[in-house]
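Structure first, commentary second.
What follows draws every value from the coordinates through simple rules; no lab data is involved. Please read all numbers here as calculations on a predicted model, not as lab measurements. FYI the Cβ positions are ideal-geometry reconstructions off the backbone, even for glycines, and counts take in every protein chain you see.
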Amino acid sequence: MRIRSVFLKDMAYHKARVALTILAIAVLVMLILLIGGIMNGLRWQARRYPEFTKADVWISAERSGGVFVGFSILNPEYVEPVLKGKGLIDETISPLIFAQVRPVIRGRETKAVVVGYVQGKLGGPTEKDLIAGRLFTPGPKYYAPDQKPPPPEVVVDDTVDLEIGETLELWGIDFKVVGKVRKLFFVFDTPILFMDIASARRGVLQNAIYVNCYIAKVKPGLSPEEVAARIDKECDVFTAVEAKSTAQTIRTILKNYVDEPMKGVQFLRVMLWLASGLIVTMITYVTTLEKTREIGILKAIGASNRYIISMTMKQVGIMTGVGLALGIGLARLVAYGFPIFVLISWREAGIVALVTSVVCILGGYWAARRAMYVDPMIAFRGELE
């Protein structure tokens with residue numbers, strides 16, 4: 001038997017232990033990737049709607065924290081003239097109603113976000129964004145109590161379990177689903193319901209003239225951050241507002257909905273990496289203790305310490321590699337049926353594979369160093385020094 005094939009013979013002899021090690025690594029890698037995929041999914045969701053609007057700046061009430069994380073109320077009669085008079089934004093300035101709601105869908109209360117916007121302006125889908133149906137019928141900007149309100153129609157995300165023509169109940173009103181858009185939802189898989197701003201104002205603000213925020217594009221040659229800073233500084237107390245660029249708005253969403261709430265999950269992910277290394281280390285170490293006689297024989301026939309370490313590390317490398325491949329495959333398979341949105345990228349998988357390999361190989365090396373000091377004479381008695 002050639003000496004270089006010993007490590008394969010040894011793995012075949014301990015096949016049950018090798019299989020369990022590979023399975024343990026695969027399960028841990030799958031969990032690490034799923035946790036990372038959940039974080040990636042939340043970050044993607046946090047960016048999805050703000051970037052979809054193509055707005056440059058978001059303007060809300062002063063010290064509200066922004067429309068996504070606080071409650072903002074603005075009076076259009078005061079705010080719009082001031083914003084337009086600064087010469088910083090173009091005519092795309094758009095009022096927006098944004099509120100978290102609890103619609104009843106097929107008899108079951110669920111979570112959602114209402115976005116009320118003016119059709120043709122920033123804030124919601126256009127005809128080209130629809131994957132089915134049509135846009136809602138727009139109503140007047142404001143309507144008097146004796147005036148007929150706009151039709152209760154809504155455009156929903158395609159994750160909402162409703163077909164075109166079905167209805168959902170919101171504020172005691174049945175809204176007819178007239179259109180669908182693809183993957184437009186807020187963090188934690190919260191679907192967005194798009195409707196006419198008059199309908200949203202009626203339900204969220206009891207038909208008051210107020211709005212939650214304004215979004216706009218800046219004039220050419222100006223940066224969104226510069227415009228946001230000037231709006232903060234130059235708007236007087238009577239129209240006290242705060243402005244953020246889209247990038248700043250996304251960072252605020254990430255901080256409040258992802259980074260802070262998910263700190264514990266990130267810590268758990270690190271612990272899983274350490275667990276992977278400990279499992280490989282312990283199994284490799286126990287297996288090494290059981291191979292005292294074999295190691296002694298190898299040394300007696302001329303095997304060097306370098307070869308003993310090499311043999312052990314090859315076993316660790318094979319188990320880690322197979323476990324990684326199996327874990328990545330399982331993670332991508334499980335992600336399809338996971339109850340929340342999971343986004344696993346190949347870049348993420350590569351990082352996980354690299355870190356897990358380093359942790360496992362370091363653990364295996366520690367066990368291999370123990371095998372290097374086996375004395376051949378003592379090893380024949382099946383003992384370690």
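Computed on the Cα atoms alone, the convex hull of region 81-214 gives a volume of 114 cubic angstrom per residue. For Val101, the residues whose amide H sits under 5 Å from its own are Ala112, Val113, Val114, ignoring neighbours fewer than 5 places away on the same chain, with H placed 1.01 Å from N.
Pairs of Lys residues in region 37-166 are counted when their Cα atoms are under 28 angstrom apart and they lie 8 or more places apart or on different chains; the count is 16. Based on Cα contacts under 8 Å between residues 6+ apart, region 47-259 shows a relative contact order of 33 percent. The charge dipole of region 47-259, taken about the Cα centre with unit charges on the Cβ atoms of Lys, Arg (+1) and Asp, Glu (-1), comes to about 200 debye, rounded to the nearest 20.
Just want the answer: with Cβ charges of +1 for Lys and Arg and -1 for Asp and Glu, which residue in Trp58, Leu205, Ile97 is farthest toward the dipole's positive end in region 47-259? The residue sitting most towards the positive pole is Trp58.
Positive end of the dipole of region 47-259 (Cβ unit charges, origin at the Cα centre): among Gly165, Gly70, Val187, the Cα lying farthest that way belongs to Val187.
Along region 102-107 the Karplus relation, 6.51 cos²θ - 1.76 cosθ + 1.60 evaluated at θ = phi - 60°, assigns HN-Hα couplings of 10, x, 9, 10, 6, x Hz to successive residues, with x for each Gly and Pro. Distance from the Cα centroid of region 324-361 to that of region 25-69 is 20 Å (rounded to whole angstrom).
Each residue of region 219-230 was assigned a 3J(HN,Hα) from its phi angle through the Karplus expression (A = 6.51, B = -1.76, C = 1.60, θ = phi - 60°), giving 6, x, x, 10, 8, x, 5, 5, 5, 4, 5, 5 Hz with x at Gly and Pro. Converting phi to 3J(HN,Hα) with the Karplus coefficients 6.51, -1.76 and 1.60 and the offset θ = phi - 60°, region 202-208 yields 4, x, 7, 10, 6, 6, 6 Hz in sequence order, with x at every glycine or proline. Volume per residue for region 31-153 equals 190 cubic angstrom (convex hull of Cα atoms).
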